[in-house]
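The values are calculated or read from the model by the stated rules, or taken from the named source; none is laboratory data. All figures in this text were calculated on a predicted structure; none of them were measured in a lab. When we count neighbours, we look across all protein chains shown, and the Cβ atoms used for this are built from the backbone with ideal geometry, even at glycine. Heads up: the accessible areas ignore ligands, DNA and RNA and are worked out on the full protein's heavy atoms, side chains in. Shrake-Rupley method; radii C 1.70, N 1.55, O 1.52, S 1.80 Å.
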Amino acid sequence: SVVKIYYACCIYFIALIGYAHFTELKIKKPVLRQSVAKKYLTGILNLMESEKLYLNPNLSISLLANKLNTNSVTISSVINNELRQSYNDFVNSYRVKEVKRRLSTSDAERYTLIAIAMESGFKSKTTFYRAFQKTENESPSAYLQKKKHLNTTTN
């Protein structure tokens, strides 16, 4: 019985040490040379601004990577390290800018806010509201109220 307790303790401590070492292991993403990172960043920004890829509600990091002949780990690394943003925040910031741009055109009177958000690349109302709040530090309805107030005071 004492031997069994001894073996059980030994196995417990071996498992504990193994677990501690396992949790210290982290998969390291490859660090890109600055020149390579800048090249990919330029490509990413160009695709977003000239081709307006963000308007595609099904835009994925792998689709973006394919357009630049690389992989999603590289694209993620460039966006995280160079722009200090997640991929989703990066894409959604373009979509929020597009919503705001469309709200300053005649689209604002012809379409609902959600319709404009969907046309700007958002896939769902929830994602749109969350991204707008995060990017603008206010809700879309508060933004519209402020915009209407500014329009009435300037007219």
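Okay, helix-only estimate at 222 nm for the chain: each DSSP H run of n ≥ 4 adds -39500 (n - 2.57), divide by all residues, round to 500 deg cm²/dmol; what do you get?
It lands at -23000 deg cm²/dmol.
Where does helix 140-154 land angle-wise versus the long Cα axis of the chain, in degrees 0 to 90, nearest 10?
Compared with the principal axis, the helix lies near 30 degrees.
Please work out the Cα center distance from the range 53-68 to the range 131-150, rounded to the nearest Å.
So the separation of the two Cα centres works out to 27 Å.
Rounded to the nearest whole Å², what accessible area per residue is found for the chain with the 1.4 Å probe? Please report the intermediate quantities before stating the final value.
Numbers: 10710 Å² over 155 residues.
The answer is 69 Å² per residue.
Using only Cα atoms, figure out Rg for the chain and give it as a multiple of 2.2 N^0.38 Å. Each step should come with its number before you reach the end.
Values: Rg = 24.1 Å, N = 155, 2.2 N^0.38 = 15.0 Å.
Ratio of Rg to 2.2 N^0.38 Å for the chain: 1.61.
Per residue, how big is the convex hull around the C-alpha atoms of the range 61-136? Give it to me in cubic angstrom, could you?
97
Can you pull the percent of the chain's accessible area that's carbon plus sulfur, 1.4 Å probe, other chains left in place? Don't jump to the answer; show the numbers that get you there.
Numbers: 6140 of 10710 Å².
The value for the chain is 57 percent carbon and sulfur by accessible area.
Listed highest first by mean packing, meaning other Cβ atoms within 10 Å per residue, what order do 33-44, 90-101, 63-74 come in?
The peptides rank, most packed first, as 90-101, 63-74, 33-44.
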